[in-house]
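Structure first, commentary second.
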Amino acid sequence: MAVLRLIFNIAWFVLGGFVMGLAWWIAGLLCYISIIGIPFGRACFVIGEMTFWPFGQDHMSRSSLTGSEDIGTGAFGTVGNIVWFLLFGIWLAIGHITHALACFVTIIGIPFGIQHLKLAILSLTPIGQTVVTKA
């Protein structure tokens, strides 16, 4: 299973993962320009790393993982997600959806298209989410 995951991750990296991972990291760098954008930037780098190698990783709500609310999963997280959506989220989602459509053209690209759609959903509201490794 680990070998198959590695093969999928390498193919993903070559066929669009590198481009979208860089897009996440560029968004992170832009967030770091302002003091209030630093938490957004940190999230961008974590999700960008997941975007480079998504097979074997998933995202989930931090409140579901820890069983308790924190600043990112409450009202401030909702406001942060709205700001994120307007500034970066919509553009990253469009990039992932475009790559997904290109992947869905071939049968062998379907798993990659599904990963792009998962990342498109994550790019809309990343605040309050965390990346976890699948067993």
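The values are calculated or read from the model by the stated rules, or taken from the named source; none is laboratory data. All of these numbers come straight from a predicted model, not from anything done at the bench. Ideal geometry is used to build each Cβ from the backbone, glycine not excepted, and the neighbour counts take in all protein chains shown.
Residues that are surrounded by 15 or more Cβ atoms within 10 Å (Cβ to Cβ) and over 21 Å from Trp24 (Cβ atoms) within the stretch 74-102 are absent altogether.
Yes/no per residue for (1) over 17 Å from Ile36 (Cβ atoms); (2) part of a loop (DSSP other than H, G, I, E, B); (3) touching a Leu at 6+ places or on another chain (Cβ under 9 Å); (4) not hydrophobic (A, V, I, L, M, F, W, C):
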residue	(1), (2), (3), (4)
Glu69	yes, yes, no, yes
Gly72	no, yes, no, yes
Val79	no, no, no, no
Phe88	no, no, yes, no
Ala100	yes, no, yes, no
Ile107	yes, yes, no, no
Phe112	yes, no, yes, no
Ser123	yes, no, yes, yes
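If Ile36 meets every condition in (1) at pLDDT 90 or above; (2) more than 16 Å from the chain's Cα centre (by Cα) apart from one, which number is that one? With respect to (1) at pLDDT 90 or above; (2) more than 16 Å from the chain's Cα centre (by Cα), Ile36 is out only on (1). Just one of (1) closer than 16 Å to Ala11 by Cβ; (2) surrounded by fewer than 20 Cβ atoms within 10 Å (Cβ to Cβ); (3) in contact with a Pro (Cβ under 8 Å, 6 or more places away or on another chain); (4) of a type outside the set (Ser, Thr, Tyr) trips up Lys118, so point out which. (1) is the only condition that Lys118 fails. If only residues of the stretch 9-33 that are modelled with pLDDT under 90 and more than 16 Å from the chain's Cα centre (by Cα) are counted, the one that is surrounded by the most Cβ atoms within 10 Å (Cβ to Cβ) is Leu15.
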